[in-house]
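Here is the structure we will look at.
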Amino acid sequence: MLDISQRVSVALMEYNKVDISINLLPSFNAQKLSSHILKLSQKMPNFFVVDILVGLVPLKIAKGILQSLNINIDAKAKHITTKESKKLVNEMLNWRFEVNDTHGFRHAEVSGGGVDTNEINPKTMESLKKKNLYFCGEVLDVLGKRGGYNFAFAWASAYVCAKDISLKQRSK
């Protein structure tokens, strides 16, 4: 999600239109999901449709799907038609929407950019422009895969930086 978020942010900054399609339930195909929803509706006819969907997706998403399809959130499961079930299935397996803004830097989890790596010595992490100025971790314009790679780079670059500073201190 963070990778998608970054690409969307860049596209929006370049004034591109951004449409996203998400398959909320990749382990289901359309027929299997439609059958599942209809069975649940038959077994629990007095439940609200939103309650049946919440068994499949989070509440906020369930409400959003119902709203986008103009299905009343207070609709009972027994009132869901086969046509509406198919619409629900299509929306859940191919939820499409336009992204027109971000929450901005204030809500950002990760931001790209930083000191250009062409401006540092990669063996020491020292600036090529200013002697004894070092950079490491996310201050640098390095973007790794999600899942700990950024942490690994931060620690490794900090080690390289500290090692060079330590060597310079010893040689004084």
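Would you work out the Kirkwood radius for the chain? I mean one over the mean of 1/r across all pairs of different Cα atoms, in Å. Result for the chain stands at 20.2 Å.
If you plug the beta carbon distance of E98 and M1 into 1/(1 + (r/R0)^6) with R0 = 25 Å, you get a FRET efficiency near 0.90.
Grab the beta carbon distance between S21 and V139, set R0 = 35 Å, and tell me the FRET efficiency rounded to 0.05. Efficiency, from the Cβ-Cβ distance: 0.50. The modelled label-to-label distance between I73 and N46, using points 7 Å beyond Cα along the C-beta direction, is 2.3 nm. Amide H to amide H, with H built 1.01 Å from N, I120 comes under 5 Å of L128, counting only residues 5 or more places away or on other chains. Cross-link reach is defined here as a Cα-Cα straight distance under 18 Å, omitting same-chain residues fewer than 8 places apart; for K131 the lysines meeting it are K123, K163, K168, K172.
For the range 1-136, the fraction of 1.4 Å probe accessible surface lying on carbon and sulfur atoms is 52 percent. Here the gap between K83 and S166, fully extended at 0.36 nm per residue and compared with their Cα-Cα distance, gives a gain of 22.8 nm. Contact order, relative form, for the range 22-172: 19 percent (alpha carbon pairs under 8 Å, 6 or more residues apart, mean separation divided by residue count).
When only the Cβ of Lys, Arg, Asp and Glu is charged (+1, +1, -1, -1), the dipole of the range 113-172 relative to its Cα centre reaches about 320 debye.
The values are calculated or read from the model by the stated rules, or taken from the named source; none is laboratory data. Source: prediction; values computed, not measured. Reconstructed Cβ throughout: ideal geometry from the backbone, glycine too, with neighbour counts over all protein chains shown. Keep in mind that these areas ignore ligands, DNA and RNA; they rest on the heavy atoms of the full protein, side chains included. Shrake-Rupley method; radii C 1.70, N 1.55, O 1.52, S 1.80 Å.
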